[in-house]
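Below you'll find the structure, written out as structure tokens, and then a few comments.
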Amino acid sequence: MGLGKFLHSHVEHADAGGTIERARAYDIVGIVAFAGQRGRVFRRLAALSGARPGDRVLDVGCGTGALTRMLATRVSTTGTATGLDPSEPMIEYARHRAPENCGYVVGEAQDLPFDDQSFAVIASSYAIHHIPAAARQAAFTEMFRVLRPGGRLLIADFRPPTNPIGAHLIGMVSGPAMAHNPIDKLAGLITGAGFHVTAEGDQWPLLHYLQATRPTLPAALH
Ligand SMILES: C[S@@+](CC[C@H](N)C(=O)[O-])C[C@H]1O[C@@H](n2cnc3c(N)ncnc32)[C@H](O)[C@@H]1O
């Protein structure tokens, strides 16, 4: 059994990583995989999100909440960070480590349980390839709906190694959704939902990110 199958338990899709059920094991694997640099990587992602003190921010596919907690620090006690994940064990685990201004909700990216325009910033790390491929456009449409005009989006996802041996090894350990993650499709999905992509880049380790904004005017008026 590969590591991916072990972590995901039973809720895996053919074209996506699916829901991760083993929260503690995921956290331990994360600490090892980041070679002790996980805090630094998520702090950098929180900075790239553009979250500021007082903001209300959402972390989509939050898992054990490593990024949510960094976002909570950035928005300070005058703001709030909310993590969302369909996995109850992940949410339960994250809740036990939450600072005061950090909350967690069970739910799916493609059906966000939040009011229109209720967040200033939305961020997501290593989660888009876990959403069923057919639901990814709906997920970005939902993010657009719950982000306020002028709000900022940061999407960071796993960038498969370009060399075939590296990709093969990732496939053996974690499964095809990670080894063949189509990160080149992210920009189209994001703009397809109505966002304006402002920047794109790579970050250690094997991470690709896009920054976008929800325009303040409806597309027809641009
Ligand atoms: C690889 S983990 C990333 C967790 C965390 N963001 C991090 O960077 O450590 C991917 C997460 O996406 C979640 N997920 C799966 N399907 C999802 C969906 N439809 N909507 C939102 N999250 C989903 C999984 O349960 C899992 O916790």
*How much solvent-accessible surface does residue 29 expose, in Å² to the nearest 10, with a 1.4 Å probe and all protein chains in place?*
50
*Normalising by the residue count of region 47-183, find the relative contact order in percent from Cα pairs under 8 Å and 6+ residues apart.*
23
*Give me the distance between the Cα centres of region 30-97 and region 172-222, rounded to whole Å.*
19
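Percent antiparallel among DSSP beta bridges with both residues in the chain, to the nearest 5? Mind dumping the intermediate values first?
On the way: 16 of 35 bridges.
Bridges in the chain are about 45 percent antiparallel.
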*Probe 1.4 Å - accessible area at residue 15, Å² to nearest ten*: 80
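Kindly provide the GluC sites (Glu not before Pro) of region 48-111 that DSSP labels as loop, not H, G, I, E or B, and whose Cβ sees at most 12 other Cβ atoms within 10 Å.
On the way: sites: 92, 100, 108; in loops: 100.
Answer by residue number: 100.
Kindly give Rg over Rh for the chain, based on alpha-carbon atoms, with the Kirkwood expression for the hydrodynamic radius.
Values: Rg = 16.3 Å, Rh = 17.3 Å.
Rounded to two decimals, Rg over Rh is 0.94.
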*Taking only Cα atoms and a 10 Å spring cutoff, compute GNM fluctuations for the chain and point out the largest among 32, 41, 106.*
32
*Whole-Hz ³J(HN,Hα) from phi, Karplus 6.51 cos²θ - 1.76 cosθ + 1.60, for region 191-202, glycine and proline x*: 5, x, 7, x, 6, 10, 6, 9, 6, 8, x, 10
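Using alpha-carbon pairs under 8 Å, 6+ residues apart, how would you state the relative contact order of region 111-222 in percent? Intermediate results must be reported in sequence, preceding the final value.
On the way: 181 pairs, mean separation 33.3, N = 112.
Result for region 111-222 is 30 percent.
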*Cα axis of helix 23-33 to longest principal axis of the chain: angle in degrees, 0 to 90, nearest 10?*
80
*Angle between the Cα long axis of helix 66-75 and the longest principal axis of the chain, 0 to 90 degrees, nearest 10?*
20
*Just the accessible area for residue 78, please: 1.4 Å probe, Å², rounded to the nearest 10?*
100
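When ligands, DNA and RNA are left out and all protein chains stay put, how many square angstrom of accessible area per residue does region 98-173 have with a 1.4 Å probe? Provide the component values of the computation, followed by the final result.
On the way: 3180 Å² over 76 residues.
Solvent-accessible surface per residue comes out at 42 Å².
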*Starting from the amide H of residue 56, placed 1.01 Å from N in the peptide plane, find each other amide H under 5 Å away whose residue is 5 or more places distant or on another chain.*
80, 120, 121
*Between the helical axis of 164-174 and the dominant principal axis of the chain, each derived from Cα atoms, what acute angle in degrees is found, rounded to the nearest 10?*
90
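The values are calculated or read from the model by the stated rules, or taken from the named source; none is laboratory data. Owing to the predicted nature of the structure, the values given are computational and were not obtained by experimental measurement. Every residue, glycine as well, gets a Cβ built from its backbone with ideal geometry; the counts of neighbours run over all protein chains shown. To get the accessible areas, we keep the full protein, side chains included, count just its heavy atoms, and leave off ligands, DNA and RNA. Shrake-Rupley method; radii C 1.70, N 1.55, O 1.52, S 1.80 Å.
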